[in-house]
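All remarks here apply to the structure that follows.
The values are calculated or read from the model by the stated rules, or taken from the named source; none is laboratory data. Quick caveat, the model's predicted, so the values are computed rather than measured. FYI the Cβ positions are ideal-geometry reconstructions off the backbone, even for glycines, and counts take in every protein chain you see. Calculation scope for accessible area: heavy atoms of the full protein, side chains included, ligands and nucleic acids excluded. Shrake-Rupley method; radii C 1.70, N 1.55, O 1.52, S 1.80 Å.
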Amino acid sequence: PLADSPAWNIFDCRGCCRPVTVTLPHEQKRWRRNFIVTCVALFCICYTYPLTYFSQLVTPQNLENAFPDIPQIGRLSGLLSGGMRVLFFALCPQIFKAFANFGSGAASIEQAERSAVRYYWFFMLVTAFTGTSLATVISEALVEELNVGGTVKG
């Protein structure tokens, strides 16, 4: 099917669930593309830290300190951390589909879905691999007040 959604109607299901019409002016297409690239980049960067923070929050030691009355609560650490990621990643395809429908410039639903998958894989690359490591290093440095200019003992 061709893209036939109205240009600025996001409140109707047809407005946010289908690619926007191909008859948009080139200036609006360019604006939408730049806006979506910025949104995807911010989405990837901004959600890396909360995901990492929650994973660090539910470590076995933190759970045992927070709930000392529940025996062996530390065993739930992996389940809580993994469950939160699964719930969040289950919502991501719909978010990226809305991004692709709004600003990918797709002429059909198939092209919009291809763009949504491309956005999703970029998000997974940043969040699951690169971003998690960087967020962990930054948060540990802030928590432990790491002295970056300190001496290295060898």
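Things to note:
- Taking the accessible area of the stretch 54-113, probe 1.4 Å, and keeping the other protein chains in place, the carbon and sulfur fraction comes to 64%.
- Fully extending the segment from LEU87 to ARG114, taken as 0.36 nm per residue of separation minus the present Cα-Cα distance, adds 7.5 nm.
- Spacing of the two label points (7 Å from each Cα toward its C-beta) at ILE70 and GLU140, in nm: 2.7
- Among the protein heavy atoms, those of THR130 account for about 80 Å² of accessible surface (1.4 Å probe, every chain in place).
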